[in-house]
Amino acid sequence: MPLIQLSPDSIDFPPVDYALEDPNGLLALGGDLSPERLLNAYHNGIFPWFSPDDPILWWSPDPRAILIPEQLHVSRSMTKFINKTSLSVTINTAFHQVIEACADERDEGTWIDPSIQRSYIQLYLQGVAHSVEVWDQQELVGGLYGVEQGSLFCGESMFSRQTNASKLALYVFCQHFIHHGGKLIDCQILNPHTESLGATEIPRSDYLQFLYKLRQQLLSPACWAPQYLR
(Lines give C-alpha, C1' and ligand atoms only; values in the text may rest on other atoms or scores of the structure.)
Protein backbone atom coordinates (compact mmCIF):
# COMPACT_ATOMS: atom_id res chain seq x y z
CA MET A 1 0.00 0.00 0.00
CA PRO A 2 1.61 3.33 -1.05
CA LEU A 3 1.90 6.10 1.50
CA ILE A 4 -1.08 8.44 1.21
CA GLN A 5 -0.63 12.19 0.67
CA LEU A 6 -3.30 14.15 2.56
CA SER A 7 -5.27 16.81 0.76
CA PRO A 8 -5.02 20.39 2.06
CA ASP A 9 -8.73 20.73 1.31
CA SER A 10 -9.93 17.94 3.63
CA ILE A 11 -9.19 16.94 7.22
CA ASP A 12 -10.13 13.32 6.51
CA PHE A 13 -7.66 10.47 7.03
CA PRO A 14 -7.48 7.08 5.32
CA PRO A 15 -8.55 4.05 7.38
CA VAL A 16 -5.86 3.10 9.89
CA ASP A 17 -5.73 -0.38 8.35
CA TYR A 18 -3.82 1.30 5.51
CA ALA A 19 -0.90 2.07 7.84
CA LEU A 20 2.44 0.54 6.90
CA GLU A 21 4.02 -2.33 8.80
CA ASP A 22 7.50 -0.87 8.22
CA PRO A 23 7.88 1.69 9.60
CA ASN A 24 5.20 0.47 11.96
CA GLY A 25 2.07 2.57 11.83
CA LEU A 26 3.04 5.21 9.27
CA LEU A 27 -0.29 6.11 7.67
CA ALA A 28 -0.03 9.34 5.71
CA LEU A 29 1.95 12.50 5.12
CA GLY A 30 1.17 16.13 4.50
CA GLY A 31 -1.89 18.13 5.39
CA ASP A 32 -1.49 20.64 8.17
CA LEU A 33 -1.57 20.95 11.95
CA SER A 34 -4.85 22.80 12.24
CA PRO A 35 -6.83 22.12 15.43
CA GLU A 36 -9.58 20.56 13.32
CA ARG A 37 -7.24 18.08 11.67
CA LEU A 38 -5.47 17.26 14.94
CA LEU A 39 -8.76 16.60 16.70
CA ASN A 40 -9.95 14.39 13.85
CA ALA A 41 -6.67 12.49 14.05
CA TYR A 42 -6.93 11.79 17.79
CA HIS A 43 -10.61 10.97 17.36
CA ASN A 44 -9.55 8.13 15.07
CA GLY A 45 -6.44 6.82 16.82
CA ILE A 46 -3.92 8.79 14.74
CA PHE A 47 -1.20 11.19 15.87
CA PRO A 48 1.50 13.35 14.22
CA TRP A 49 5.19 12.61 14.70
CA PHE A 50 7.99 13.86 12.48
CA SER A 51 11.43 15.43 12.49
CA PRO A 52 11.78 19.18 11.82
CA ASP A 53 13.15 18.58 8.29
CA ASP A 54 10.47 16.05 7.35
CA PRO A 55 6.95 16.60 6.03
CA ILE A 56 4.16 16.13 8.57
CA LEU A 57 3.84 12.39 9.18
CA TRP A 58 0.76 10.70 10.67
CA TRP A 59 0.87 7.41 12.59
CA SER A 60 -1.35 4.67 13.98
CA PRO A 61 0.95 1.84 15.16
CA ASP A 62 -0.03 -1.77 15.73
CA PRO A 63 0.36 -2.81 18.51
CA ARG A 64 -0.47 0.28 20.57
CA ALA A 65 1.07 1.11 23.94
CA ILE A 66 -1.40 1.91 26.71
CA LEU A 67 -1.35 2.42 30.47
CA ILE A 68 -4.25 1.58 32.74
CA PRO A 69 -3.98 4.29 35.43
CA GLU A 70 -4.63 1.87 38.29
CA GLN A 71 -1.73 -0.27 37.05
CA LEU A 72 0.89 2.47 37.13
CA HIS A 73 4.03 0.85 38.54
CA VAL A 74 5.43 2.74 41.52
CA SER A 75 8.72 1.35 42.81
CA ARG A 76 9.60 1.22 46.49
CA SER A 77 12.11 4.04 46.04
CA MET A 78 9.54 6.12 44.16
CA THR A 79 7.02 5.56 46.94
CA LYS A 80 9.55 6.90 49.44
CA PHE A 81 10.18 9.88 47.19
CA ILE A 82 6.45 10.63 46.86
CA ASN A 83 6.01 10.51 50.63
CA LYS A 84 8.98 12.77 51.36
CA THR A 85 9.15 15.27 48.50
CA SER A 86 8.21 18.91 48.97
CA LEU A 87 7.52 19.32 45.24
CA SER A 88 4.01 20.47 44.38
CA VAL A 89 1.85 19.49 41.41
CA THR A 90 -0.75 21.46 39.46
CA ILE A 91 -2.86 20.87 36.37
CA ASN A 92 -3.46 23.29 33.49
CA THR A 93 -1.69 26.24 35.08
CA ALA A 94 1.33 26.53 32.73
CA PHE A 95 0.66 24.69 29.48
CA HIS A 96 2.85 27.00 27.40
CA GLN A 97 5.82 26.45 29.71
CA VAL A 98 5.35 22.68 29.80
CA ILE A 99 5.28 22.18 26.03
CA GLU A 100 8.29 24.46 25.63
CA ALA A 101 10.14 22.48 28.28
CA CYS A 102 9.24 19.17 26.61
CA ALA A 103 10.83 20.54 23.44
CA ASP A 104 13.92 21.89 25.19
CA GLU A 105 14.74 18.87 27.35
CA ARG A 106 15.59 16.49 24.50
CA ASP A 107 19.33 15.90 23.99
CA GLU A 108 18.60 13.90 20.84
CA GLY A 109 16.53 16.67 19.29
CA THR A 110 12.78 17.07 19.24
CA TRP A 111 9.79 16.91 16.95
CA ILE A 112 8.02 19.50 19.15
CA ASP A 113 8.99 22.41 16.93
CA PRO A 114 7.34 25.86 17.08
CA SER A 115 4.55 24.82 14.69
CA ILE A 116 3.66 21.85 16.91
CA GLN A 117 3.76 24.07 19.98
CA ARG A 118 1.43 26.63 18.40
CA SER A 119 -1.03 23.92 17.33
CA TYR A 120 -1.23 22.24 20.72
CA ILE A 121 -1.52 25.60 22.48
CA GLN A 122 -4.60 26.18 20.33
CA LEU A 123 -5.97 22.82 21.51
CA TYR A 124 -5.23 23.86 25.08
CA LEU A 125 -7.12 27.12 24.59
CA GLN A 126 -10.04 25.05 23.28
CA GLY A 127 -9.96 22.95 26.47
CA VAL A 128 -8.85 19.73 24.76
CA ALA A 129 -5.10 19.62 25.47
CA HIS A 130 -3.94 19.60 29.09
CA SER A 131 -0.75 19.87 31.10
CA VAL A 132 0.46 18.72 34.50
CA GLU A 133 3.16 20.79 36.20
CA VAL A 134 5.65 19.95 38.96
CA TRP A 135 7.04 22.87 40.94
CA ASP A 136 9.96 23.41 43.28
CA GLN A 137 8.48 26.48 44.94
CA GLN A 138 8.07 28.84 41.93
CA GLU A 139 10.34 26.89 39.55
CA LEU A 140 8.88 24.49 36.98
CA VAL A 141 10.91 21.27 37.27
CA GLY A 142 8.79 18.65 35.52
CA GLY A 143 5.54 17.92 33.79
CA LEU A 144 3.63 16.32 30.95
CA TYR A 145 1.00 17.20 28.39
CA GLY A 146 -1.51 15.40 26.20
CA VAL A 147 -4.92 15.45 24.56
CA GLU A 148 -8.22 14.45 26.11
CA GLN A 149 -10.57 12.04 24.37
CA GLY A 150 -13.37 11.69 26.90
CA SER A 151 -12.15 9.34 29.62
CA LEU A 152 -9.04 8.46 27.58
CA PHE A 153 -5.94 10.66 27.78
CA CYS A 154 -3.49 10.66 24.89
CA GLY A 155 -0.11 11.33 26.46
CA GLU A 156 2.25 13.28 24.23
CA SER A 157 5.44 14.12 26.11
CA MET A 158 6.94 14.61 29.55
CA PHE A 159 10.08 16.19 30.98
CA SER A 160 12.16 16.34 34.16
CA ARG A 161 14.58 18.94 35.40
CA GLN A 162 14.87 17.19 38.75
CA THR A 163 15.08 13.49 39.53
CA ASN A 164 11.64 11.81 39.50
CA ALA A 165 9.78 15.02 38.59
CA SER A 166 8.08 13.58 35.50
CA LYS A 167 7.24 10.36 37.36
CA LEU A 168 5.66 12.44 40.10
CA ALA A 169 3.61 14.30 37.48
CA LEU A 170 2.35 11.02 36.06
CA TYR A 171 1.64 9.50 39.47
CA VAL A 172 -0.36 12.49 40.70
CA PHE A 173 -2.17 12.82 37.38
CA CYS A 174 -3.18 9.15 37.43
CA GLN A 175 -4.69 9.53 40.91
CA HIS A 176 -6.57 12.65 39.81
CA PHE A 177 -7.67 11.04 36.53
CA ILE A 178 -8.97 7.93 38.29
CA HIS A 179 -10.86 10.06 40.83
CA HIS A 180 -12.73 11.80 38.01
CA GLY A 181 -13.51 8.63 36.06
CA GLY A 182 -10.50 8.43 33.72
CA LYS A 183 -10.01 4.95 32.28
CA LEU A 184 -7.02 4.76 29.95
CA ILE A 185 -3.81 6.56 28.96
CA ASP A 186 -2.53 6.21 25.41
CA CYS A 187 1.28 5.94 25.38
CA GLN A 188 1.42 5.45 21.58
CA ILE A 189 4.65 3.43 21.24
CA LEU A 190 6.16 1.28 23.98
CA ASN A 191 9.69 2.14 25.09
CA PRO A 192 11.76 1.01 28.10
CA HIS A 193 10.73 4.06 30.15
CA THR A 194 6.97 3.71 29.64
CA GLU A 195 7.23 -0.07 30.07
CA SER A 196 8.95 0.44 33.43
CA LEU A 197 5.97 2.56 34.49
CA GLY A 198 3.49 -0.20 33.72
CA ALA A 199 2.60 0.48 30.09
CA THR A 200 1.83 -2.52 27.91
CA GLU A 201 0.96 -3.23 24.27
CA ILE A 202 -2.41 -4.21 22.86
CA PRO A 203 -3.54 -4.76 19.26
CA ARG A 204 -4.51 -1.57 17.45
CA SER A 205 -8.00 -2.96 16.90
CA ASP A 206 -8.44 -3.33 20.68
CA TYR A 207 -7.16 0.20 21.25
CA LEU A 208 -9.65 1.56 18.72
CA GLN A 209 -12.50 -0.23 20.48
CA PHE A 210 -11.46 1.43 23.74
CA LEU A 211 -11.12 4.79 22.00
CA TYR A 212 -14.54 4.68 20.31
CA LYS A 213 -16.18 3.85 23.63
CA LEU A 214 -14.19 6.11 25.98
CA ARG A 215 -14.19 9.21 23.80
CA GLN A 216 -17.93 9.42 24.42
CA GLN A 217 -17.51 9.37 28.22
CA LEU A 218 -16.81 13.02 28.95
CA LEU A 219 -15.32 13.76 32.33
CA SER A 220 -16.50 16.51 34.63
CA PRO A 221 -15.03 19.94 33.82
CA ALA A 222 -13.70 19.84 37.39
CA CYS A 223 -11.12 17.30 36.22
CA TRP A 224 -9.49 19.80 33.86
CA ALA A 225 -9.98 23.04 35.80
CA PRO A 226 -6.66 24.73 36.68
CA GLN A 227 -5.92 23.61 40.23
CA TYR A 228 -3.42 22.48 42.80
CA LEU A 229 -3.23 18.68 43.00
CA ARG A 230 -0.72 18.22 45.82
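The values are calculated or read from the model by the stated rules, or taken from the named source; none is laboratory data. Computed from a prediction, not measured in an experiment: that's the story for all the values here. Neighbour counts run over all protein chains shown; Cβ positions are idealised from the backbone, glycine included. Ligands, DNA and RNA are excluded from the accessible area calculation, which covers all protein heavy atoms including side chains. Shrake-Rupley method; radii C 1.70, N 1.55, O 1.52, S 1.80 Å.
Heavy-atom accessible area per residue, the chain, 1.4 Å probe: how many Å²?
On the way: 10980 Å² over 230 residues.
Averaged over the residues of the chain, the accessible area is 48 Å².
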request  = With all protein chains present, calculate the accessible area of Arg64 using a 1.4 Å probe and round the result to the nearest 10 Å².
outcome  = 0 Å²
request  = Set Lys and Arg Cβ to +1 and Asp and Glu Cβ to -1, take the dipole of the range 50-151 about its Cα centre, and tell me which of Ala65, Tyr145, Thr85 lies farthest positive.
outcome  = Thr85
ask   = So, in nm, how far is label Asn83 from label Gln117 when the simple model puts each one 7 Å beyond its Cα toward the Cβ?
value = 4.0 nm
message = At most 13 other C-beta atoms within 10 Å and a DSSP loop state: those are the exposed GluC sites (Glu not before Pro) I care about. Give me the longest piece of the chain that has none.
response = 109-230
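Assuming R0 = 30 Å, what is the FRET efficiency of Asp22 and Thr200, from their Cβ-Cβ distance, to the nearest 0.05? Could you put the intermediate results ahead of the total?
Working: r = 22 Å, r/R0 = 0.74.
Result of the calculation: an efficiency of 0.85.
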query = Straight-line reach from Lys213: which lysines have Cα under 29 Å away, leaving out those fewer than 8 places along the same chain?
reply = Lys167, Lys183
task = Over the range 129-169, consider all pairs of different Cα atoms and compute the Kirkwood hydrodynamic radius from their mean reciprocal separation; express it in Å, one decimal.
result = 10.5 Å
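Find out how many positive minus negative residues lie around Pro23, taking Lys and Arg as positive, Asp and Glu as negative, among other residues whose Cβ is under 13 Å from that of Pro23. Let's see the in-between values first.
Numbers: positive: none; negative: Glu21, Asp22, Asp54, Asp62.
Surrounding charge for Pro23 is -4.
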note = Ignoring ligands and nucleic acids, Asp9 exposes an accessible area, probe 1.4 Å, in Å² to the nearest 10, of 140 Å²
task = Place a +1 charge on the Cβ of each Lys and Arg in the range 65-153 and a -1 charge on the Cβ of each Asp and Glu, then give the dipole magnitude about the Cα centre in debye, rounded to the nearest 20.
result = 340 debye
Shape of the range 48-111, Cα gyration tensor, a/c cut at 1.5 = oblate
note = Sorted by accessible surface (1.4 Å probe, heavy atoms of the protein chains only), largest first, Ser166, Ser115 come out as Ser115, Ser166
ask   = In whole Å, what three semi-axes, largest first, describe the equivalent ellipsoid of the range 93-230 built from its Cα gyration tensor (square root of 5 times each eigenvalue)?
value = 22, 18, 16
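Rounded to the nearest 20 debye, what is the charge dipole size of the chain about its Cα centre when +1 sits on each Lys and Arg Cβ and -1 on each Asp and Glu Cβ? Write out the running numbers ahead of the final one.
Values: 14 positive and 26 negative charges, 223 e Å.
It comes to approximately 1080 debye.
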key: Debye intensity ratio I(q)/I(0), log10, the chain, q values 0.12, 0.15, 0.18 Å⁻¹ (C-alpha model)   = -0.64, -1.02, -1.49
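With the Cα gyration tensor of the range 160-220 giving a ≥ b ≥ c as the square roots of its eigenvalues, does the rule (a/c under 1.5 for rounded; else a/b larger than b/c for prolate; else oblate) give rounded, prolate or oblate?
Details: a/c = 3.16, a/b = 1.30, b/c = 2.44.
Oblate shape, in that a/c is at least 1.5 and b/c is the bigger or equal ratio.
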note = The percentage of the accessible area of the range 112-230 (probe 1.4 Å, all protein chains present) made up of carbon and sulfur atoms, to the nearest whole number, is 51 percent
remark   = Counting only protein heavy atoms with a 1.4 Å probe and every protein chain in place, the carbon and sulfur fraction of the accessible surface of the range 31-107 in whole percent equals 46 percent
